[in-house]
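Please read the structure below before turning to the comments.
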Amino acid sequence: MVDNIWSDFAWSYDAICSQLNCYRRMADKILRDTQGLAHVIDAGCGTGLVSQALVRRGARVTGFDNNPGMLAVALRKQAESPEPERARWTVLEGDVRVFPERVEGGADAVVLNNVLFYVREPEAVLRESLAHLKPGGRLISAGPRRRPDLQKVMEQSIEEWKAEGRWDEQLQKATAYHVDLTRRLVTDPNEMVTFFEPEALVAELRRLGFTRVLAADHDDYYGENYYVCMER
């Protein structure tokens, strides 16, 4: 387990990301590209935001993370879910560079949502993902193209919240805490180490053995993030 800034980040990440329209739009793409798939691995699952949405839709999900704060939130969500959902949702401690032994191979999809940017060895993560996918299985990766422009993301998000009438005292308080931590994260060279343009990630995935591009863009987070979905 790695106890770092993400332990402090867990509460605000879960509270704010679930409210960010830019996050919701990105999450909708993951749901789109996993529609009808039976078993999904959520590698670096964080607080379980994506895992929970997939489980609620009927998928069997195996999620894992190496941060105790983030993992604690995911485990609580799993424990509080209705029994049918809980039965389909496995939450484990583990590192994305070497998936936990309990993670089954032959998955229909592996999701790497905001994961690769904090990994110095992205190839190891991509190879592990490939090894755990069945033929035709999908890898979905989303993350920053560069060190994010936090001010742009938050200013545009707040404008959207105001237009929707959601910019209340509770959200303002949570946002202030979240922005303080995020500012520390995006300025720390030890926390954000790997960035991809979608074209570069597609080329790397082709080199490793992925074949067909299903989606590749840089629309998310107001142009700050890439989104790539490829088949094995």
- Provide, as a two-decimal number, the C-alpha radius of gyration of the stretch 139-208 over 2.2 N^0.38 Å, N being how many residues it has. 1.44
- Where q = 0.17, 0.20 Å⁻¹, what log10 of I(q)/I(0) comes from the Debye formula for the stretch 94-185, counting one point per Cα? -0.83, -0.93
- Message: Using a probe radius of 1.4 Å on heavy atoms only, what accessible surface per residue do you get for the chain? Whole Å² is fine.
- Response: 44
- Task: For residue 115, enumerate residues with amide H under 5 Å from its amide H, sequence gap 5+ or separate chain, H modeled in the peptide plane.
- Result: 142
- What ranking do 170-177, 46-53 get when scored by the average of other Cβ atoms within 10 Å per residue, highest first? 46-53, 170-177
- Task: Could you pull the Cα extents of the chain along its three principal axes, largest to smallest, in whole Å?
- Result: 48, 41, 33
- Note on the structure: The answer for residue 226, listing residues at least 5 apart or on another chain whose modeled amide H is closer than 5 Å to its amide H, is 143, 145
- Item | Among 98, 202, 61, residue whose mean-square fluctuation peaks in a GNM of the chain (springs only between Cα atoms under 10 Å) | 98
- Under the Karplus relation 6.51 cos²θ - 1.76 cosθ + 1.60, θ = phi - 60°, what is the ordered set of whole-Hz ³J(HN,Hα) values for the stretch 226-231, x standing for Gly and Pro? 9, 9, 9, 10, 9, 8
- Report the antiparallel proportion of the DSSP beta bridges in the chain as a percent, rounded to a multiple of 5. 40
- Task: Filter the DSSP H helices in the chain by two things, a Kyte-Doolittle mean of at least -1.0 and an axial alpha-carbon span of 24 angstrom or more, and list the hits by number.
- Result: 169-187
- Note on the structure: CD proxy, 222 nm, the chain: helix-only mean residue ellipticity via -39,500 (n - 2.57) per DSSP H run with n ≥ 4, per residue, nearest 500, stands at -14500 deg cm²/dmol
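The values are calculated or read from the model by the stated rules, or taken from the named source; none is laboratory data. Every value quoted in this text rests on a predicted model; they were computed, and no experiment measured them. In this analysis, Cβ positions are derived from the backbone assuming ideal geometry, glycine residues included, and neighbour counts consider all displayed protein chains. Remember, those area values only see protein heavy atoms, side chains included, never the ligands or the DNA or RNA. Shrake-Rupley method; radii C 1.70, N 1.55, O 1.52, S 1.80 Å.
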